[in-house]
Structures are given as C-alpha cells and as structure tokens.
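Visitor: Before I ask anything, let me first share the structure, which is written out below as structure tokens.
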Amino acid sequence: MAKLLDKRLVVVTGKGGVGKTTVAAALGLLAARAGKRTIVAEVSEQEHLPALFGRSGAGHREVEISPGLYGLSIDPARAKEEWLRHQLRSSTLAGMLGNSRIFQYLTAAAPGVDELVTIGRIWDLAQLERHVGGTRTYDLAIVDAPATGHGVALLRAPRTYAAIARVGPIARQAGRIHEFIADHARTGVVAVALPEEMPVNETIDLGERLRAEMGMALDAILVNAVYPERFDTAEAKRLAAVNGRGPAAVRPALESALSELRRVRGQRAEVARLRRAADAPVRTLPFLFEPELGAAEVDRLSRELERRL
Amino acid sequence: MIADWLERKEVVVCAGAGGVGKTTTAAAIALGMAARGRKVAVLTIDPAKRLANALGLPELGNEEARVAADVDGELWAMMLDAKRTFDELIEWHAPDAATRDAVLGNRIYRELSSAVAGSQEYMAMEKLHELHQEGRYDLLVLDTPPTRHALDFIDAPKQLAAFIDSRALQFFTAPGRLGLKVFGRGTGVVFSVMKRATGIDLLQDLSDFFRSFGGMTEGFRDRAERVNALLGDSRTAFVLVTSPRRDSIEEAAFFWHRLREADLPFAGVVANRVNRADGPADRAELERLLGEPLARKVLRTYEDDRRLAERDRRNLTELRRRLGRKPMLEVPNLDHEVHDLGGLREMCAYLFPVSRAGAPQTGAE
C-alpha cells in the first residue's frame, strides 16, 4: 500500500454511509505522517473533514487541518469561475461570462458541468504545477468522492465531455484530465465498504463498472467497521448454552453478547464473499465503539491502515 | 404508527441520506400497508439483489411486478430505470417521428441521458406521477435515489420548468444562427466569449440538441409543473428515514427544514438501526454463571452496547427537539440483515406496532 500513497491522486469512493470521509482522513493522516504534503478534497457540498479534527470548515479554501494535512470542500460554482478566469486569461471577461444569465442557465442545465469542473479542480490539486486556485503544490491529493454511482459519474465526466466536445479547449483539457485519471501509475481508487450485503454488492459492482466504463481497477477495498471477534468457539458455545437461563439481571448482557456473535458471523460471511468476488486486496478496519469519531479515532484508523496496507 | 400517518394518503416519499435503510424502509412500509388491505406499489432504485429477489423483482425493468406476499391487499414493486423513462418521455412528447429520432439520436442526449446529474431524480418523480395518474394503486411508496443532495429530486421538476422558460433555451431554439439576432449585440459578445471558452463544436451540438428539443418544451414544462403539484398535494406524505448517528441526524434536520420551506407534507421520521440496551448488568451473577474471564468479556460487550445506545438516545432526543416533536418510530439495530419478506415483516413489527385497540398485526402467515 506504500505504492498507493506514492500516487498523485487517490479517489476514495463507496456506498453512502460506509465511512468514506473517515477513511479518506485516515489515509491522509497516514500520508502526512510519512512526510507527504497531502490534501483531502471533499465534494458535493460536503464538509465533514474539518469537524473530524475539531475545526470549522473553510469551504473552498485550502487550509491545513493537521500538520502536513490540508483540506477543502470544492464548490463547483467557485471552481467554474476559476476555470473561466484561467481559460479566458482575463477576470473581466470571466466575470462577464460568469454573470451572463444565458451562461448561468446553460451551465446549470447542461448536464455534468458541475462534475467536470469539480474533477478538473481535483486534477489541478494533484499537479506539480498548479493552474488555478493557488500555488501550493501537494505530494498527494485524496478525494472523498460521492457515493458509488455518482462517484463513477465524477470520474467519467472528463471522458464524456472530451467525446462531446471533440475539438476545442474543452475537448483538449477534458482529454488530459481523463488521461491522468485513467493512468494507474498516477491515480488510485480505493473502495470503502461495510461487511454487509448491500455495500458488498455495490463494491463488487463498482469494480466491474470501473473496469467496463473506465478501464480502471480498484487498488484496494477497505471494509470498515468490522466487529471484533471477542469470543472463541468454546465461549460462544457456552453462551449459547446458558441462553435464557440466567437471572433477569444478566439476561440483557447475555443477549448483547449473543447478538454480537450473530453479527460477527454475518459480517465474516460478507467479508469472505467480497474476498472471493473482488480482484483487489481486501483489508478490514475495526468497528470503533466510541460514540463519536474525532481526531484520536482517525489517528487510530491511520495506524491500522499503516499495518494492513 | 405508520398506518396512522398514511391514512388517506396516496403517495409516500421516503427520503434521507445514503446508507440509512431507505430501500428496506420503503419496502417494509409497502408490505405493512398491503397487509392492511391496500393495493400498494413500491418504486425502488437499485436495491440489493437479494431484496429484489425476495420481492420477486426481475433484475431491472420499468414494469411493475406483483410480489408473492401473503397479504390482504396487493404488493407490487418496480425498479426505476431513469434512462428508459427519459426515452419514453421523449417518445411521448415528440410531435413527430423525425423530432423523436433527432433527440434520441443526438450525441449529447445519448452521452448524457443515462449519466445526467439530476435526471435520475427527475425520472423517479416522473414515474411516480405517471403511476398516480393511472390510478391503479391505492398507495405508491417511493424510495428516493441515493443522492448526496437528498433534495435534488424535490427541485428537479422546478428546475426543469425554469430552464424551459429561461432565455438560454430560447437562445438556442430561436431561428437563425444561434439566435444571435434575438439578443442583439450584448449577447453577441457573450456568445463570442463562450465560444472562446468552450469551442464552437460544443455550442453547435448543444444548439442542435436544444433546437430539436424545442418543440417539446411546452409538454415538458406542463408535466414538470404537475409533478411538482403532486409532491405538495395533501394526498402525499414525506417520511424521513435516518440513522441515529450524528451525521445522519444533521442531514435529517436539514432535510426537514427544506421540506418545510418548500411547504411539502411531512408525516414523520423512521429511525433505523437504533442501538438499545437496558440498565447495568449484575457482575456477580454473570461471574457465577459464566466464570470470571468470560463474564468480563460479556460485560465489556454489554457496556459497549450501552454506550452506543446512550449515544443513539441522545441523538434522537436532539432530532425530536429540532423537529418540534414530530412523530418518530424506531427500528432497533438488528443483528442480521433485512433481505427477504421475513426480514421486512420483522421491520413492520416496529413500524406498525400492535396498538392497544387491537389493530391487526402485520403479515400473519
């Protein structure tokens, strides 16, 4: 996995609610600890990363949230303005076009524009020479991408636009971004899953879609929130044997242990199924019983990642 | 219980963030209402294959399928296929075969109609409206698309109508070279700058696309307005699905505000995967029963559960407070997954609890 963090761009995707942001943050922290200046980009008006580190968000601005680790939440409207300014090499013209109602309507209605400018901005973060939004360069950019389906749409946007535009500046730039994303040496994709049926199915589908639609492969699958196996076989038998026989004061505790055993069994089966179906390495991350996740938990996950990747 | 929320309702929209159990909640509501004698259709998007199988759904299709559930009413289900619904709409609105073929064959339409951001959302609404018009069901339950913007689907019809009315479309659909004459010199400058930014081919193709689309705009706008009206109708109910985790609670509260702003009929909240636990366990009894090492592990497990239960209680209390004590139903964090009719019935037991008045229990076999 050292190889994964040696890329310029790592895309973290997966079904909604699986913990993409937490995993993206843990990967970022791991890279930063290894001495890489790293930025984690959130998209689609999401901004959960700063809160994980106990800070308030700065939106579209790139800010350091932990030593060597930066974050921003890409705002498509701002990204569009930046792109226009860069494109027209004139903020007057860019302002005029940006304020034109026709242009606004058109870019609001023309499908995929937000995705295109968002992925363009992400691409720029991963370049050794920046074009828009700043001059600070990063060793690694990590994107906390939208849920599976929208995540693939985000990655596919440049190719779609390159095909539609055929020639001209958009075709040229979109083609370059697509080339970068599809280049396995420079861009990696990590799928985050839960050890449950639907997230496992989506992860398998995601691998297939990436291959079919983008000619890309997953670099790793991280199964998040895997329960600990606290009881060995003999203990599990013992618990099953006393089930329901204990006095009322211990029954909820016994039921809780048995329930966890059932959950662990279901999870183990799903992880095994994922391992059989996936053609990327599958690694697990522990379920954390802390009621809310913060910097300490992200740090713990980053150390788990360090050991397992 | 949910049956009370849905009295005299004809449409239920289940909304919420991704991963909170919208699909299973929608299916369980549909099953529970079918068990109460209603003829119900659940419209879902990409459910887990086993859930699809349990519901008797084919792999993918825009057609309703009857679910073989032992209920007093009828349970039907269908999966939404946005691209196909879009194609069907074009076929329906196109004034003639030439226009239809021009749109369906347009490069931009083909590239984008399946990947369009927002199209899935709009098409779900569109299909809902169509089925409601046909009036073949007592109740339609919609599982909304798993979008990060939980509200895209509410805005989709309005946005489409606004775009159709906008000058952008007129700009492209007006006769003459890209409608330059319509807007005079100001637009000419805008156009030339736009050309510099995007390239002429793209503009030309977009222009062709919108021009062939032009003859259908009236029909589309009319339809979008009616879809919008259906969402705000008193026969519609929005059910907010959430998990008790803090991020889901935040999204649910945000979502509720948007519903209220848009004056949409809100029925209540379903909180899924709620951890529950009782009071502290008796350590001495546990040790007597299991021996010290095992008792310690069990206690540890139970204490972990209790902490999560405490968090969930706190978070849901906060959500209740923020929503002004709207009705809320809780489904516990089951230790197995819901992927068949049996699992859905188990959920129904929480969504349709047996009342003291002796309301029928769900899905008796």
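Visitor: Please verify whether A:Ala94 is outside any strand (DSSP E or B), more than 11 Å from every other protein chain (Cβ to nearest Cβ) and closer than 22 Å to A:Gly168 by Cα, treating the condition exactly as stated.
Guide: no
Visitor: Another question about this same structure. Within the set of pairs 6+ apart or on separate chains, which have a first residue in the stretch B:119-131 that is within 7 Å of B:Ala82 (Cβ to Cβ), a second that is open to solvent by 10 Å² or more (accessible area, probe 1.4 Å) and modelled with pLDDT of 75 or more, and C-beta atoms under 6 Å apart?
Guide: That search, which allows pairs on different chains as well, returns B:Met123/B:Phe86.
Visitor: While we're on this one: So how many residues does the stretch B:326-346 have that are acidic (Asp, Glu) and away from chain A (no Cβ under 14 Å)? Lay out the reasoning, then the answer.
Guide: In the first step, residues of the stretch B:326-346 are kept if they are acidic (Asp, Glu); the result is B:330, B:335, B:337, B:340, B:346.
From the residues that got through so far, the ones that are away from chain A (no Cβ under 14 Å) too are B:330.
So the answer is 1.
Visitor: Hey, can you tell me all the residues within the stretch A:266-287 that are under 20 Å from A:Arg300 (Cβ atoms), part of a helix (DSSP H, G or I) and open to solvent by 30 Å² or more (accessible area, probe 1.4 Å)?
Guide: None; the set is empty.
Visitor: Please determine whether any residue of the stretch A:97-119 is within 14 Å of another protein chain (Cβ to nearest Cβ), open to solvent by 20 Å² or more (accessible area, probe 1.4 Å) and either among the basic types (Lys, Arg) or in a loop (DSSP other than H, G, I, E, B) (or both).
Guide: Yes, there is a match, as at least one residue in the stretch A:97-119 is within 14 Å of another protein chain (Cβ to nearest Cβ), open to solvent by 20 Å² or more (accessible area, probe 1.4 Å) and either among the basic types (Lys, Arg) or in a loop (DSSP other than H, G, I, E, B) (or both).
Visitor: I want to confirm something. Restricting to the stretch B:8-36 and keeping residues that are modelled with pLDDT of 90 or more and assigned to a loop (DSSP other than H, G, I, E, B), which single residue is nearest to B:Pro265 (Cα to Cα)?
Guide: The extreme case among them is B:Lys9.
Visitor: Please enumerate the residues belonging to the stretch A:179-195 that are over 16 Å from the mean Cα position of the chain (by Cα) and open to solvent by less than 40 Å² (accessible area, probe 1.4 Å). Give the derivation first.
Guide: Step one: filter the stretch A:179-195 for residues over 16 Å from the mean Cα position of the chain (by Cα), giving A:179-180, A:182-186, A:195.
Of everything in the stretch A:179-195, those that are over 16 Å from the mean Cα position of the chain (by Cα) and open to solvent by less than 40 Å² (accessible area, probe 1.4 Å) turn out to be A:Phe180, A:Ala182, A:Pro195.
Visitor: Across the stretch A:1-30, what is the total count of residues that are of a type in the set (Lys, Arg) and surrounded by fewer than 22 Cβ atoms within 10 Å (Cβ to Cβ)?
Guide: At the first step, the residues of the stretch A:1-30 found to be of a type in the set (Lys, Arg) are A:3, A:7-8, A:15, A:20.
Still in the list and also surrounded by fewer than 22 Cβ atoms within 10 Å (Cβ to Cβ): A:3, A:7-8.
Selection size over the stretch A:1-30: 3.
Visitor: To continue, here is another question. Can you name every residue in the stretch B:215-251 that is of a type in the set (Val, Ile, Thr), assigned to a helix (DSSP H, G or I) and within 14 Å of chain A (Cβ to nearest Cβ)?
Guide: B:Thr217, B:Ile249
Visitor: Of A:Arg307, A:Arg300, which residue is assigned to a helix (DSSP H, G or I), over 30 Å from A:Arg211 (Cα atoms) and open to solvent by 70 Å² or more (accessible area, probe 1.4 Å)?
Guide: A:Arg300
Visitor: Can I ask one more? Could you list, in sequence order, the residues of the stretch B:22-40 that are surrounded by 24 or more Cβ atoms within 10 Å (Cβ to Cβ) and closer than 22 Å to A:Met198 by Cα?
Guide: Within the stretch B:22-40, B:Lys22, B:Thr24, B:Thr25, B:Ala26, B:Ala27, B:Ala28, B:Ile29, B:Ala30, B:Leu31 meet the criteria.
Visitor: Let me ask something additional. Checking B:Asp278 against (1) within 14 Å of another protein chain (Cβ to nearest Cβ); (2) crowded, with 16+ Cβ neighbours inside 10 Å; (3) without any contact (Cβ under 8 Å) to a residue 40 or more places away in the chain; (4) assigned to a helix (DSSP H, G or I), which single condition isn't satisfied?
Guide: Unmet condition: (4).
Visitor: Open to solvent by 70 Å² or more (accessible area, probe 1.4 Å) and under 19 Å from the mean Cα position of the chain (by Cα) - does that describe any residue in the stretch B:263-270?
Guide: As a first pass, look at the stretch B:263-270 and keep what is open to solvent by 70 Å² or more (accessible area, probe 1.4 Å): B:263.
Then drop every residue that is not under 19 Å from the mean Cα position of the chain (by Cα), which leaves B:263.
Yes: the stretch B:263-270 contains one or more residues that are open to solvent by 70 Å² or more (accessible area, probe 1.4 Å) and under 19 Å from the mean Cα position of the chain (by Cα).
Visitor: For A:Glu81, indicate whether it is open to solvent by 10 Å² or more (accessible area, probe 1.4 Å) and either under 23 Å from A:Ala31 (Cβ atoms) or modelled with pLDDT of 95 or more (or both).
Guide: no
Visitor: State yes or no: is B:Leu289 of a type in the set (A, V, I, L, M, F, W, C), within 28 Å of A:Ala236 (Cβ to Cβ) and surrounded by fewer than 21 Cβ atoms within 10 Å (Cβ to Cβ)?
Guide: yes
Visitor: Something else now. Any residue in the stretch A:239-262 that is open to solvent by less than 40 Å² (accessible area, probe 1.4 Å) and more than 11 Å from every other protein chain (Cβ to nearest Cβ)?
Guide: Checking the stretch A:239-262: not a single residue is open to solvent by less than 40 Å² (accessible area, probe 1.4 Å) and more than 11 Å from every other protein chain (Cβ to nearest Cβ).
Visitor: Filter the stretch A:196-217 for residues that are outside any helix (DSSP H, G or I) and among the small types (Gly, Ala, Ser); which is nearest to the chain's Cα centre (by Cα)?
Guide: Our first condition is that a residue be outside any helix (DSSP H, G or I); within the stretch A:196-217, this holds for A:196, A:215-217.
Add one more test, that the residue is among the small types (Gly, Ala, Ser), and what stays is A:215, A:217.
Working: A:Gly215: 19, A:Ala217: 15 Å.
Within the stretch A:196-217, the match that is nearest to the chain's Cα centre (by Cα) is A:Ala217.
Visitor: Can you list residue pairs whose Cβ atoms sit under 6 Å apart, with the first residue in the stretch B:229-244 being closer than 30 Å to B:Pro332 by Cβ and the second being among the polar types (S, T, N, Q)? Count only pairs 6 or more apart in sequence or on different chains.
Guide: B:Val241/B:Thr25; B:Thr242/B:Ser248; B:Ser243/B:Asn272; B:Pro244/B:Asn315
Visitor: Another question, then. For B:Trp256, work out the one condition from (1) in a helix (DSSP H, G or I); (2) closer than 15 Å to B:Asn315 by Cα; (3) more than 12 Å from chain A (Cβ to nearest Cβ) it doesn't fulfil.
Guide: (2)
Visitor: So A:Glu229 passes all but one of these: (1) assigned to a helix (DSSP H, G or I); (2) open to solvent by 20 Å² or more (accessible area, probe 1.4 Å). Which condition number does it fail?
Guide: (1)
Matching residues to (1) more than 15 Å from the chain's Cα centre (by Cα); (2) modelled with pLDDT under 80; (3) open to solvent by less than 60 Å² (accessible area, probe 1.4 Å):
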residue: B:Glu91; (1), (2), (3): yes, no, no
residue: B:Asp101; (1), (2), (3): yes, no, no
residue: B:Gly105; (1), (2), (3): yes, yes, yes
residue: B:Leu112; (1), (2), (3): yes, yes, yes
residue: B:Ser119; (1), (2), (3): no, yes, yes
residue: B:Tyr137; (1), (2), (3): yes, no, yes
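Visitor: Also, quick follow-up: If you check B:Leu316, B:Leu323, which single one turns out to be touching an Asp or Glu at 6+ places or on another chain (Cβ under 9 Å), more than 7 Å from every other protein chain (Cβ to nearest Cβ), surrounded by 16 or more Cβ atoms within 10 Å (Cβ to Cβ) and within 30 Å of B:Gly343 (Cβ to Cβ)? Let's see the steps before the verdict.
Guide: Details: B:Leu323 fails: touching an Asp or Glu at 6+ places or on another chain (Cβ under 9 Å).
Selected residue: B:Leu316, the only one of B:Leu316, B:Leu323 that is touching an Asp or Glu at 6+ places or on another chain (Cβ under 9 Å), more than 7 Å from every other protein chain (Cβ to nearest Cβ), surrounded by 16 or more Cβ atoms within 10 Å (Cβ to Cβ) and within 30 Å of B:Gly343 (Cβ to Cβ).
Visitor: Across the stretch B:296-313, what is the total count of residues that are under 19 Å from A:Glu235 (Cα atoms), surrounded by 21 or more Cβ atoms within 10 Å (Cβ to Cβ) and more than 7 Å from chain A (Cβ to nearest Cβ)?
Guide: 0
One line per residue, one yes/no per condition, for (1) open to solvent by 10 Å² or more (accessible area, probe 1.4 Å); (2) β-branched (Val, Ile, Thr); (3) within 17 Å of A:Val43 (Cβ to Cβ); (4) in contact with a Phe, Trp or Tyr (Cβ under 9 Å, 6 or more places away or on another chain):
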position	(1), (2), (3), (4)
A:Ala126	no, no, yes, yes
A:Tyr138	no, no, yes, yes
A:Arg159	yes, no, no, no
A:Ala163	yes, no, no, no
A:Ile170	yes, yes, no, yes
A:Arg176	yes, no, no, yes
A:Met198	yes, no, no, no
A:Asn201	yes, no, no, no
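The values are calculated or read from the model by the stated rules, or taken from the named source; none is laboratory data. As the structure is a computational prediction, the values presented were derived from the model and not from experiment. Positions of Cβ are generated from backbone atoms using ideal geometry, with glycine treated the same way; all protein chains shown enter the neighbour counts. Quick note on the areas: whole protein, heavy atoms, side chains included, nothing else; ligands and nucleic acids left out. Shrake-Rupley method; radii C 1.70, N 1.55, O 1.52, S 1.80 Å.
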